[in-house]
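Worksheet: one structure, shown below.
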Amino acid sequence: MKAAGTEEIKGIFLKHYREWCLWSYSYLENMDEAEDVVQDVLVKILERQDKEEILNLDSYIKAAVRNASLKKIQQSRGVQKIYQDTEIAAPSYEDHLMGLEADAKVQKAIEGLPEQSRRALKFCVMDGLSYENAADSMEISVNTVKYHLKKAYKELRFKLRDTY
């Protein structure tokens, strides 16, 4: 059998385009997606370096369209599952109030920390500074910053144990 060249591929594409779209549509049940699949398959074939090695182009394209259609179905099911898994109900007014109350408790607990622990927490956690930069700002050593952070976390865990 004769191998397929670029001109032959274009000719077969123009001749069988609707047929392949209907073939894909039988799987996808959406003509726009079916046309996209057929066009994607043809682009991939044209971009192939070894396209001349395809012996039965019509059968090859039909199989490629079927496989691409099935893959698209599988991907859309995966996306639907992700959407279903991540659907979150809008928070109610009560949830909003509870969140505000919890925020107030956290703020009050932070204000109750010793000065150095509160400053270390502010620099490292809230401002995002590195330990080194926080240490420079506070004029203490890096290990002292770590100590104050550890102390702040321990105290916050104790004070907020019923909140979170």
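Data table
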{"read-out": "The chain: relative contact order as a whole-number percent, Cα under 8 Å and 6+ apart", "value": "18 percent"}
{"read-out": "Proximal aspartates and glutamates relative to LYS159, as straight alpha-carbon distance under 12 Å, when same-chain residues fewer than 8 apart are discounted", "value": "GLU111"}
{"read-out": "LYS154, LYS62, ranked by accessible area, largest first (probe 1.4 Å)", "value": "LYS154, LYS62"}
{"read-out": "Subset of LYS122/LYS146; LYS10/LYS72; LYS108/LYS146; LYS44/LYS72; LYS108/LYS151 violating a 19 Å alpha-carbon distance limit", "value": "LYS10/LYS72; LYS108/LYS146"}
{"read-out": "Percent carbon-and-sulfur accessible area, the chain, ignoring ligands, DNA and RNA, probe 1.4 Å", "value": "53 percent"}
{"read-out": "Cut-off 17 Å (backbone N to label point 7 Å along Cα→Cβ of ASN67), residues of the stretch 18-47", "value": "24, 37-47"}
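The values are calculated or read from the model by the stated rules, or taken from the named source; none is laboratory data. Just so we're clear, the structure is a prediction, and the values are computed from it rather than from any experiment. Note: ideal-geometry Cβ built from the backbone for every residue, glycine included; neighbour counts use all protein chains shown. Accessible surface is based on the protein model in full, side chains and every heavy atom, while ligands, DNA and RNA are left aside. Shrake-Rupley method; radii C 1.70, N 1.55, O 1.52, S 1.80 Å.
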